[in-house]
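Engineer: Have a look at the structure that comes next, please.
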Amino acid sequence: LRKDGTRVFDLTMQAGEREFMPRRKTPTWGFSGDYLGPTLRAGRGEKVEVRIRNTLPEPSTVHWHGMHLPARMDGGPHQMIDAGGVWTPRWTVNQPAATLWYHPHPHGATEKHVQRGLAGMFLLDDDRTERLTLPRRYGVDDLPVIVQDVRFDGARFDHGHPLLASVGFLGDRTMVNGTLAPYREVGDELIRLRLLNASTARVYTFGFDDGRDFSLIGTDGGLLEQPAVMDRVKLSPGERAEIVVRMRPGERTVLRSHPLDAGMDFFNQRFSGGDDSFDVLQLRAAPSLRPSPGLPARLGELAVPDGSDSVRGRHFELKFSGINGRKMDMGRVDETVARGTAETWTIRNNDGMPHNFHVHDVQFRVLEVNGKRPPAALRGAKDTVFVPSGTTMKVAMRFDGPADPDTPYMYHCHLLYHEDQAMMGQFVVV
Ligand code: C2O
Ligand code: CU
Ligand code: CU
């Protein structure tokens, strides 16, 4: 914390190596460490400054996924940091408490940079959430869970795509926070897991091995209006979910990823990894547990528009060959939105393969999925949403940041291979 109240973070993008397996060193990239990056944390209303040094042998960027901030600070493909360069974005946090993350966004190379280990969490707090009885002791009963799938070729990462995987890279095992076969000892009755799918292509259907249910309390952009009890939650790349699970003394339970129902034919299901299942994280409860207060019945008000004051609609047709028939062009602005207004966007995938859709700067509300009210897991604030083939979705958002006609924000498929292959477009707020 600087004297003027600015919260200052230092991040160094660096090459390193890590022993994921005993006596085998894997070359990696990380933020201020070998692999992944520190969890950054700031409160609503705080000024934030991040000094980023890029010591990698190539240019990159750092994007604040889910953050509401000026386009020049967004860390998209227009804010490149040269090899050896420094970038110091500054902004004021102005959005509800949430689990956000940061990762590189260099056009055409995002998959490679994220896969080598460049990703970290950025947690936001606010006063209202502070007053709720939720598990909130970081690393004790409030745990970050960054899930990535990986494949090793000896000690090295194997990042190749199998020929038939139209979705991009799929690993054959998963890591949590950079650890293979992880377990975690816990000492509280209620454990909050902040799940982040930081994989490049894989969609997970998380649930416990014994089928126990859990409470979903938050999605990408923050807390739901009320906890929703379920036993499965699906996350595509870039999405987050905050869940609270109840533990009994001395027991063990495993968070797994179950086979996916992605609405695909046999061939696509198979080659987008939909048939796979993984043990993701084992929780081991201490023989006696600290009692946790029950979850509040209400968590708060959603701060995303409900579509009733949308001033216009737009349509986005998701195809691997390009969104709305166009490939990403850094020099072309695809959409221009008016500052302060709300809009309803219709997103459609009829491409025969899974996609998702992410919009920078905003959180949106899912209004409809194929004409119906969205399921509980899609009723919170979202910035990324899974759109399997055969799906049409309507979402509403408000663009209330500062106008900047010269610097675009991105919208794109967050399957990083698709993004790199130009399944991305640009919008400006004027
Ligand atoms: Cu998580 Cu445009 O990115
Ligand atoms: Cu983003
Ligand atoms: Cu895609």
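Readers should treat all values here as calculations from the given coordinates under stated rules, not as data from a laboratory. What you see is a predicted model; the values in this text were computed from it and never measured. Glycine gets a Cβ as well: all are built from the backbone with ideal geometry, and neighbour counts include every protein chain shown.
Engineer: Going by amide H atoms built from the backbone, whose H comes under 5 Å of the H on L299, apart from near neighbours?
Structural biologist: Close amide H contacts, sequence-distant or interchain: Q226.
Engineer: Now a separate question. Counting only Cα atoms, I'd like the Rg/Rh figure for the chain, Kirkwood definition for Rh. Please list the in-between numbers first.
Structural biologist: Details: Rg = 20.3 Å, Rh = 21.8 Å.
When Rh is taken as the Kirkwood radius, the ratio is 0.94.
Engineer: What ³J(HN,Hα) values, in whole Hz, does the Karplus curve 6.51 cos²θ - 1.76 cosθ + 1.60 give for the stretch 335-348 when θ = phi - 60°, with x put for Gly and Pro?
Structural biologist: Coupling constants for the stretch 335-348: 9, 10, 10, 8, 4, x, 9, 9, 9, 10, 10, 9, 10, 10 Hz.
Engineer: Turning to a different aspect of this structure: Can you tell me the alpha carbon radius of gyration of the stretch 126-181 divided by the globular rule-of-thumb value 2.2 N^0.38 Å?
Structural biologist: 1.73
Engineer: Hey, another quick one. Taking the Cα centre of the chain as origin and charging only Cβ (+1 Lys, Arg; -1 Asp, Glu), how large is the dipole, in debye to the nearest 20? It would help to have the intermediate numbers written out before the result.
Structural biologist: On the way: 54 positive and 55 negative charges, 107 e Å.
In total the dipole reaches around 520 debye.
Engineer: At most 10 other Cβ atoms within 10 Å and a DSSP loop assignment: could you name the trypsin sites (Lys or Arg not before Pro) in the stretch 1-101 that fit? Please list the in-between numbers first.
Structural biologist: On the way: sites: R2, K3, R7, R18, R23, R24, K25, R41, R44, K47, R51, R53, R72, R90; in loops: R2, K3, R23, R44.
For trypsin sites (Lys or Arg not before Pro) across the stretch 1-101 that sit outside H, G, I, E and B with at most 10 neighbouring Cβ atoms in 10 Å, the list reads R2, K3, R23.
Engineer: Could you put D361, D209, D74 in order, starting from the residue whose Cβ has the fewest other Cβ atoms within 10 Å?
Structural biologist: Working: D361 23, D209 15, D74 28.
Ascending number of Cβ neighbours within 10 Å: D209, D361, D74.
Engineer: When the chain is modelled as a GNM with alpha-carbon springs shorter than 10 Å, which of V203, V86, V395 fluctuates the most?
Structural biologist: Among V203, V86, V395, the largest mean-square fluctuation in the Gaussian network model of the chain belongs to V86.
Engineer: As I understand it, the dipole of the chain uses +1 on the Cβ of Lys and Arg and -1 on the Cβ of Asp and Glu, about the Cα centre. Which of V186, T346, V430 lies farthest toward its positive end?
Structural biologist: The residue sitting most towards the positive pole is V186.
Engineer: State the Cα centre-to-centre distance between the stretch 143-179 and the stretch 346-416 in whole Å.
Structural biologist: A separation of 25 Å, based on Cα centres.
Engineer: Given 10 Å bins starting at zero, what is the percent of C-alpha pairs of the stretch 142-290 in each, up to the one with the largest pair distance?
Structural biologist: With 10 Å bins starting at 0, P(r) equals 11, 40, 33, 14, 2, 0.
Engineer: Oh, and also: Counting only helical runs of four or more DSSP H residues, what would the 222 nm mean residue ellipticity of the chain come to if each run contributes -39,500 (n - 2.57) and the total is spread over all its residues? Walk me through the numbers on the way to the answer.
Structural biologist: Working: 4 runs with 21 residues, N = 430.
So the helix-based figure for the chain works out to -1000 deg cm²/dmol.
Engineer: What's the exposure ranking of H78, H63, going from fewest to most Cβ atoms within 10 Å? Before the final figure, lay out each step's value.
Structural biologist: Values: H78 18, H63 22.
Lowest count first: H78, H63.
Engineer: For the stretch 279-334, run through the trypsin sites (Lys or Arg not before Pro) and keep only the ones in DSSP coil with at most 12 other Cβ atoms within 10 Å of their Cβ. Present the calculation step by step, with values, prior to reporting the outcome.
Structural biologist: Working: sites: R284, R298, R312, R314, K319, R326, K327, R332; in loops: R298, K319, K327, R332.
Passing sites in the stretch 279-334 are R298, R332.
Engineer: Among M73, M410, rank each residue by its count of other Cβ atoms within 10 Å, from fewest to most, as a rough exposure measure.
Structural biologist: Numbers: M73 20, M410 23.
Least crowded to most crowded, the residues run M73, M410.
Engineer: Next up: Could you state the principal axis extents of the C-alpha atoms in the stretch 202-287, from the largest down, to the nearest angstrom?
Structural biologist: Extents along the principal axes: 46, 30, 18 Å.
Engineer: Then there's this: Quick one: which of K47/K234; K47/K394; K112/K382; K112/K319; K25/K112; K112/K394 span more than 29 angstrom between C-alpha atoms? Show your work: numbers first, answer last.
Structural biologist: On the way: K47/K234 33 Å; K47/K394 33 Å; K112/K382 25 Å; K112/K319 22 Å; K25/K112 19 Å; K112/K394 31 Å.
From K47/K234; K47/K394; K112/K382; K112/K319; K25/K112; K112/K394, over 29 Å: K47/K234; K47/K394; K112/K394.
Engineer: Follow-up question, since we're still on this one. How large is the charge dipole for the stretch 133-192, taken about the Cα centre, if only the Cβ atoms of Lys, Arg (+1) and Asp, Glu (-1) carry charge, to the nearest 20 debye?
Structural biologist: On the way: 7 positive and 9 negative charges, 26 e Å.
Dipole magnitude for the stretch 133-192 comes out near 120 debye.
Engineer: Using alpha-carbon pairs under 8 Å, 6+ residues apart, how would you state the relative contact order of the chain in percent? Walk me through the numbers before you get to the answer.
Structural biologist: On the way: 1213 pairs, mean separation 64.0, N = 430.
Result for the chain is 15 percent.
Engineer: Here is a further query. Please compute the Cα-Cα pair-distance distribution of the stretch 310-429 with 10 Å bins starting at 0, giving whole percents from short to long.
Structural biologist: 14, 48, 33, 5
Engineer: Hey, in the GNM for the chain with a 10 angstrom Cα cutoff, which one of T205, T336, T26 fluctuates hardest?
Structural biologist: Greatest mean-square fluctuation among the candidates belongs to T336.
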